[in-house]
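A.B. asks: What follows is a single structure, and I will ask about it in a moment.
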Amino acid sequence: MEDSLADFLRHLALEKNSSAHTVKSYREDLSQAFAFFRSHADGRPIRATQLTTRHLRAYLAWLHNEGYAKTTISRRIAAVRSWCRFLCRQGALASNPADGLRGPRQDKKLPHFLGEADLERLLAAPAADAHLGIRDRAILETLYSAGLRVSELTGLNLEDLDLDSGMATIRGKGKRERLALLGGRAVRALAQWLEDRSRFTEKRARSSQAVFLNKNGSRLTSRSVGRLLEKYLAQAGLDPRTSPHTLRHSFATHMLDRGADIRSVQELLGHRSLATTQIYTHVTTSRLRDTYEKAHPRA
């Protein structure tokens, strides 16, 4: 079974172009499932060809009984289904024991976002006359202006930016490329940062293609972006639940609030499915209902 897992993970990395984070998540989820299968075979090795629907249903029931969150259960069952499909394509399984196996129905949860006034306060928080402040303002402006995932932001290279056209080439999930648009304020913040970045790298005789660098001249990490955001949220007195992904949610919500076409927003976000983007229409409808109930005398 472990050999089949190694083959599956190589398939994800080399053929599906999955990120290192995705491959790691699959490894962890499937390793847990394998440990469960072994424990129900008295600790004896179990072959992938011996798996049955009964094994998988028992694993699903165990996840429920252990109190895992619905999102966690769904992700782990999805990992098992993907692995079983891979084994079928490889000929290791004659039939798919995961056919018909479904995770729990998810509760619909509206994404957290910042209002326009709160976003203005956040974007104004970094110091405009300090090296890190210039960088951080460019980071926040770019996240919001282009609706980027934090991994897309930290993965930006100098060659990906075309500030004259106000565009950036983004490598999203599965290494899919798309063009992102940069607003005027983001372009100006980036131009100021690139000028400051050039002086910074010259002083340290460091060379890097990454747009955003840490104090040592290396590529900034997603975790570092999260930490700097926490600092500016506290400084601006804003909701501490806010994450870098909140700026992406805010981008989509504000675009739809101001009349953008949902398919255009889908393309700008890099969503494969329109259904993924439609969550933001629920957000805007919810806000309209709140306004109606507060304002209408007979609401």
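A.B. asks: Could you give the alpha-carbon Rg of the stretch 104-190 over 2.2 N^0.38 Å, rounded to two decimals? Spell out each step's value before the answer.
C.D. replies: On the way: Rg = 14.8 Å, N = 87, 2.2 N^0.38 = 12.0 Å.
Its radius of gyration relative to the 2.2 N^0.38 Å reference: 1.23.
A.B. asks: Convert each backbone phi in the stretch 163-178 into a coupling constant with the Karplus relation 6.51 cos²θ - 1.76 cosθ + 1.60 (shift: θ = phi - 60°), then list the ³J(HN,Hα) values in order as whole Hz, x for Gly and Pro.
C.D. replies: 5, 4, 8, x, 9, 9, 8, 10, 9, x, 4, x, 6, 6, 9, 8
A.B. asks: Follow-up. Please report, as a whole percent, how much of the solvent-accessible surface of the stretch 1-131 comes from carbon and sulfur atoms (probe radius 1.4 Å).
C.D. replies: Values: 3790 of 7750 Å².
On the stretch 1-131, the fraction of accessible area on carbon and sulfur atoms equals 49 percent.
A.B. asks: Given the options 156, 270, 31, identify the residue whose Cα lies farthest towards the positive end of the charge dipole of the chain (+1 on Cβ of Lys, Arg; -1 on Cβ of Asp, Glu).
C.D. replies: Value: 31.
A.B. asks: Above 17 Å lies some portion of the pair distances; for the stretch 172-224, what is it as a whole percent of all C-alpha pairs?
C.D. replies: 52 percent
A.B. asks: In Å and whole numbers, how far do the C-alpha atoms of the stretch 227-299 stretch along each principal axis, longest first?
C.D. replies: 44, 36, 17
A.B. asks: Let me ask something else. Which aspartates and glutamates have a Cα lying under 19 Å from the Cα of residue 294, excluding residues fewer than 8 positions away in the same chain?
C.D. replies: 257
A.B. asks: Another question, if that's okay. Any chance you could give the angle, 0 to 90 degrees and rounded to 10, that helix 20-39 forms with the longest Cα principal axis of the chain?
C.D. replies: Tilt relative to the chain: about 30 degrees.
A.B. asks: Roughly what % of Cα-Cα distances in the stretch 91-238 sit above 24 Å, to the whole percent? Walk me through the numbers on the way to the answer.
C.D. replies: Values: 4478 of 10878 pairs.
Value for the stretch 91-238 (Cα pairs over 24 Å): 41 percent.
A.B. asks: What FRET efficiency, computed as 1/(1 + (r/R0)^6) with R0 = 45 Å and r the Cβ-Cβ distance, is obtained for residue 201 and residue 121, rounded to the nearest 0.05?
C.D. replies: Numbers: r = 31 Å, r/R0 = 0.69.
For residue 201 and residue 121, the calculated efficiency is 0.90.
A.B. asks: If you don't mind, another one. How big is the Rg/Rh ratio for the chain, C-alpha atoms only, Rh by Kirkwood, two decimals?
C.D. replies: Ratio of gyration radius to Kirkwood radius for the chain: 1.04.
A.B. asks: Sticking with this one: Can you tell me how much longer the chain between residue 72 and residue 179 gets when fully stretched, taken as 0.36 nm per residue apart minus their C-alpha distance, in nm with one decimal?
C.D. replies: On the way: separation 107, 0.36 × 107 = 38.52 nm, distance 3.19 nm.
Difference between extended and current length: 35.3 nm.
A.B. asks: Could you give the dipole magnitude of the stretch 1-112 about its Cα centre, charging the beta-carbon of Lys and Arg +1 and that of Asp and Glu -1, in debye to the nearest 20?
C.D. replies: On the way: 19 positive and 10 negative charges, 78 e Å.
Computed about the Cα centre, the dipole is about 380 debye.
A.B. asks: What does the extension gain come out to for residue 2 and residue 234, with contour length at 0.36 nm per residue minus their alpha carbon separation?
C.D. replies: On the way: separation 232, 0.36 × 232 = 83.52 nm, distance 4.61 nm.
Extra length from residue 2 to residue 234 when fully extended: 78.9 nm.
A.B. asks: If you place +1 on the Cβ of every Lys and Arg, -1 on the Cβ of every Asp and Glu, and leave all else neutral, what size is the dipole of the stretch 77-159 about its Cα centre, to the nearest 20 Debye? Spell out each step's value before the answer.
C.D. replies: Values: 11 positive and 10 negative charges, 155 e Å.
About 740 debye.
A.B. asks: Run through the stretch 89-125 and list the trypsin sites (Lys or Arg not before Pro) located in a DSSP loop whose Cβ has at most 14 other Cβ atoms within 10 Å.
C.D. replies: Filter output for the stretch 89-125: 102, 105, 108, 109.
A.B. asks: Once the piece of chain linking residue 258 and residue 243 is laid out straight, how much longer is it, given 0.36 nm per residue of separation minus the C-alpha distance between them? Intermediate results must be reported in sequence, preceding the final value.
C.D. replies: Values: separation 15, 0.36 × 15 = 5.40 nm, distance 2.30 nm.
Value of the extension gain: 3.1 nm.
A.B. asks: Counting Lys and Arg as +1 and Asp and Glu as -1, each charge on the Cβ, what is the dipole of the chain about the Cα centre in debye, to the nearest 20? Numbers along the way, then the final one.
C.D. replies: Numbers: 49 positive and 32 negative charges, 164 e Å.
Dipole size: approximately 780 debye.
A.B. asks: Which of 88, 123, 104 sits farthest toward the positive end of the charge dipole of the stretch 82-125, with +1 on the Cβ of Lys and Arg and -1 on the Cβ of Asp and Glu?
C.D. replies: 88
A.B. asks: A further question on this structure: Given labels modelled 7 Å from the Cα in the Cβ direction, how far is it in nm from residue 169 to residue 22?
C.D. replies: Label at residue 169, label at residue 22, 2.0 nm between them.
A.B. asks: Kindly report, to the nearest 10 Å², the accessible surface of residue 53 as traced by a 1.4 Å probe over protein heavy atoms only.
C.D. replies: Accessible surface of residue 53 is approximately 50 Å².
A.B. asks: What translational diffusion coefficient, in µm²/s and rounded to a whole number, does the Stokes-Einstein relation yield for the stretch 3-148 at 37 °C and a viscosity of 0.692 mPa s, taking the hydrodynamic radius as the Kirkwood radius over Cα pairs? Please report the intermediate quantities before stating the final value.
C.D. replies: Working: Rh = 18.5 Å.
My calculation gives 177 µm²/s for D.
A.B. asks: Can you tell me the orientation of helix 279-295 relative to the chain, as the angle in degrees between its alpha-carbon axis and the longest Cα principal axis, to the nearest 10?
C.D. replies: Rounded to the nearest ten degrees, it is 60.
A.B. asks: Can you give me the accessible area per residue for the chain, using a 1.4 Å probe, in Å²?
C.D. replies: On the way: 16910 Å² over 299 residues.
I get 57 Å² per residue for the chain.
A.B. asks: At what distance in nm do the modelled label points of residue 14 and residue 188 sit from each other, each positioned 7 Å from its Cα along Cα→Cβ?
C.D. replies: Roughly 5.1 nm, to one decimal.
A.B. asks: Ignoring everything but the protein chains, give the 1.4 Å probe accessible area of residue 200 in square angstrom, nearest 10.
C.D. replies: In the full protein context, residue 200 sits at about 20 Å².
A.B. asks: Now, a different point. D for the stretch 77-120, whole µm²/s, Stokes-Einstein with Kirkwood Rh over alpha-carbon pairs at 25 °C and 0.890 mPa s: what number?
C.D. replies: Details: Rh = 13.7 Å.
After rounding, the answer is 179 µm²/s.
A.B. asks: Across 5 Å bins from 0, what is the distribution of all Cα-Cα pair distances for the stretch 17-91, in whole percents?
C.D. replies: So the P(r) values, bin by bin, are 3, 14, 25, 26, 19, 9, 2, 0.
A.B. asks: Using alpha carbons only, how many degrees (0 to 90, rounded to 10) separate the axis of helix 184-204 from the longest principal axis of the chain?
C.D. replies: It is inclined by approximately 90 degrees.
A.B. asks: Compute, for residue 64, the solvent-accessible surface of its heavy atoms (probe 1.4 Å) with the complete set of protein chains present, and express it in square angstrom to the nearest 10.
C.D. replies: Taking all protein chains as shown, residue 64 has close to 90 Å².
The values are calculated or read from the model by the stated rules, or taken from the named source; none is laboratory data. Quantities reported herein were computed from a predicted structural model and do not represent experimental measurements. Don't worry about glycine lacking a Cβ; one is built from the backbone with ideal geometry, like all the others, and counts go over all protein chains shown. Please note that ligands, DNA and RNA were not included when accessible areas were found on the heavy atoms of the full protein model with its side chains. Shrake-Rupley method; radii C 1.70, N 1.55, O 1.52, S 1.80 Å.
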